[in-house]
Protein chains: 2
Amino acid sequence: MRTDTKIAPRGRGRPRKFDEEAALRAASQRFRTLGYANTSLDELAAATGVNRPSLYAAFGDKKALYLAGLARTHEVVDLTFAALHGVNYPREKMLKALFIGAIEGFLTGEHGPSGCIAVNTAATEAVMDADIRTALAAFVALQDGWIEKLMAQAGSADPRGDAQIASSVIHSLSTRARAGTPRAELIAIAKKVTALLLT
Amino acid sequence: MRTDTKIAPRGRGRPRKFDEEAALRAASQRFRTLGYANTSLDELAAATGVNRPSLYAAFGDKKALYLAGLARTHEVVDLTFAALHGVNYPREKMLKALFIGAIEGFLTGEHGPSGCIAVNTAATEAVMDADIRTALAAFVALQDGWIEKLMAQAGSADPRGDAQIASSVIHSLSTRARAGTPRAELIAIAKKVTALLLT
DNA sequence: TCATTTTTGTGCGAGATCGTACAAAAATAC
DNA sequence: GTATTTTTGTACGATCTCGCACAAAAATGA
């Protein structure tokens with residue numbers, strides 16, 4: 001993953017000192033680690049290298065920044081699934097790619113395994129905040145839908161059912177990663193589901 | 001579920017005006033809805049009817065109160081699983097009891113479906129807080145362990161594997177409930193996994 | 001060179017939040 | 001009746017947090 005991006009010139013006034021994409025990445029990372037409510041704007045400013053007024057100018061308030069981070073994650077996940085689309089994997093290899101990819105992603109993080117920002121931070125806010133709930137639902141639907149497509153492509157007899165189960169287990173793998181479950185156990189669970197789905 | 005409990009006399013000084021169990025229930029409910037970070041002590045005081053100094057005297061600080069709520073949930077879940085232990089259900093009926101029980105519980109809540117306090121609020125704090133991470137891991141292990149026991153009792157050929165999958169799907173059902181997924185869809189997912197586990 | 005535009009960065013103000021100090025209240029023990 | 005013990009409830013201080021105001025800075029356009 002490239003971390004250096006250019007700062008596009010924006011015409012008239014004083015040029016920006018920060019890259020919006022990079023700032024969004026850093027902010028998302030912080031939100032993922034700490035959760036929405038635990039992440040203060042001071043921390044976001046420190047993490048992004050952008051001070052609060054500039055963050056507000058660029059993204060709006062805290063919630064808008066969080067939603068932008070969720071949307072960015074949504075895009076990244078979308079692209080990741082799209083990359084598997086059209087690749088001619090049999091079901092077993094496809095499932096392995098999905099689970100291993102998810103697990104390795106969930107195990108990354110600034111302060112230990114951090115799982116998925118949507119499953120483990122958006123879900124917390126979802127009950128009280130309709131916007132975040134909508135974004136979470138869209139994220140879940142995106143994952144369910146893509147896996148269904150991939151299962152169909154790989155010749156599953158029940159793509160919808162297989163996708164719902166695989167997707168659900170991925171949600172749990174995210175939560176388990178945050179709980180400190182070691183990689184080997186996560187992989188063991190993935191293998192069990194894979195075997196079951198292949199029967 | 002009984003909501004009225006007696007206030008036991010505590011010997012010497014002025015008697016308590018509140019029931020510790022009832023206060024813990026109310027506090028847990030609030031934590032489950034709002035998440036740990038979003039729940040202020042003012043809200044807890046209002047929800048329990050106990051003012052802050054008394055809450056501190058009875059439970060310690062905010063985190064101790066949250067952990068006490070998690071522990072109480074742990075006990076309740078433990079008792080619920082224990083009730084199914086020894087009951088002579090075949091696998092299908094046992095799985096149905098597990099999934100339906102989970103789903104109906106997840107759909108309750110003060111402000112819409114609130115899922116599971118451990119999966120959807122403890123997981124958020126787990127990365128930064130070792131105590132909460134430990135409690136979450138214990139909760140997950142409790143559920144995995146019980147379902148394994150129940151699957152073995154019901155004659156599963158791979159109780160461990162079946163339990164990991166069923167337990168994982170239950171985690172996802174909690175998250176999906178908070179995302180606003182309707183009951184019918186949650187039940188459909190449960191049915192799909194049940195069918196798969198019975199093959 | 002001078003005006004215009006946009007970003008930066010300091011600083012602030014209103015409000016929320018946590019935890020506790022302290023006196024009054026309500027019980028028991030002697 | 002008096003002393004002792006425990007809880008209650010008000011009040012407070014210290015800190016954090018959010019969002020913005022405002023002047024300085026750094027670019028472009030005329």
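The values are calculated or read from the model by the stated rules, or taken from the named source; none is laboratory data. Note that the coordinates shown come from a computational prediction; the quantities given were computed from them, not determined experimentally. FYI the Cβ positions are ideal-geometry reconstructions off the backbone, even for glycines, and counts take in every protein chain you see.
Residue pairs whose Cβ atoms lie under 6 Å apart, separated by 6 or more positions or on different chains, with the first residue in segment A:44-67 and within 12 Å of residue A:26 (Cβ to Cβ) and more than 14 Å from chain B (Cβ to nearest Cβ) and the second small (Gly, Ala, Ser) and within 7 Å of DNA strand D (Cβ to nearest atom), do not occur. For segment A:33-55, the count of residues that are assigned to a helix (DSSP H, G or I), away from DNA strand D (no atom under 16 Å from the Cβ) and more than 23 Å from residue B:35 (Cβ to Cβ) is zero.
Tell me yes or no: at least one residue of segment B:29-41 is under 23 Å from residue B:136 (Cα atoms), modelled with pLDDT of 95 or more, hydroxyl-bearing (Ser, Thr, Tyr) and touching a strand residue (DSSP E or B) at 6+ places or on another chain (Cβ under 8 Å). Scanning segment B:29-41 turns up at least one residue that is under 23 Å from residue B:136 (Cα atoms), modelled with pLDDT of 95 or more, hydroxyl-bearing (Ser, Thr, Tyr) and touching a strand residue (DSSP E or B) at 6+ places or on another chain (Cβ under 8 Å). On the stretch given as segment B:167-180, residues that are farther than 23 Å from residue B:148 by Cβ and more than 7 Å from chain A (Cβ to nearest Cβ) total 1. For segment B:131-162, a residue qualifies if it is touching a Phe, Trp or Tyr at 6+ places or on another chain (Cβ under 9 Å) and not in a helix (DSSP H, G or I), and exactly one does: B:154. For residue A:166, the test of being touching a Phe, Trp or Tyr at 6+ places or on another chain (Cβ under 6 Å) and among the hydrophobic types (A, V, I, L, M, F, W, C) is failed. Every listed requirement among (1) in contact with a helix residue (DSSP H, G or I) (Cβ under 8 Å, 6 or more places away or on another chain); (2) within 15 Å of DNA strand C (Cβ to nearest atom) is met by residue A:68 save one, (2).
Here A:106, A:31, A:81, A:99 are screened, and the one residue that is away from DNA strand C (no atom under 16 Å from the Cβ) and touching a Pro at 6+ places or on another chain (Cβ under 8 Å) is A:106.
When we screen B:155, B:109 for residues that are surrounded by fewer than 18 Cβ atoms within 10 Å (Cβ to Cβ) and more than 10 Å from every other protein chain (Cβ to nearest Cβ), the only hit is B:155. Considering A:172, A:156, A:167, the condition of being of a type in the set (S, T, N, Q) and touching a Ser or Thr at 6+ places or on another chain (Cβ under 7 Å) is satisfied by A:172 alone. Against the definition (under 26 Å from residue A:65 (Cβ atoms), surrounded by fewer than 23 Cβ atoms within 10 Å (Cβ to Cβ) and basic (Lys, Arg)), how does residue A:160 come out, yes or no? No. Going by what's in this entry, would residue A:84 be described as modelled with pLDDT of 95 or more and within 11 Å of DNA strand D (Cβ to nearest atom)? Judged against the criteria, residue A:84 is not a match.
Quick check on residue B:74: is it at the interface with chain A (Cβ under 7 Å from one of its Cβ atoms) and in contact (Cβ under 8 Å) with a residue 24 or more places away in the chain? For residue B:74, the condition - at the interface with chain A (Cβ under 7 Å from one of its Cβ atoms) and in contact (Cβ under 8 Å) with a residue 24 or more places away in the chain - is not met.
In this structure, does residue B:134 turn out to be hydroxyl-bearing (Ser, Thr, Tyr) and free of Cβ contacts under 8 Å to residues at least 40 places away in the same chain? So residue B:134 passes the test. Considering segment B:126-149, the residues that are under 14 Å from residue B:67 (Cα atoms) and within 7 Å of another protein chain (Cβ to nearest Cβ) include one that is nearest to the chain's Cα centre (by Cα), namely B:136.
Just one of (1) more than 9 Å from chain A (Cβ to nearest Cβ); (2) among the β-branched types (Val, Ile, Thr); (3) crowded, with 23+ Cβ neighbours inside 10 Å fails for residue B:193. It is (1).
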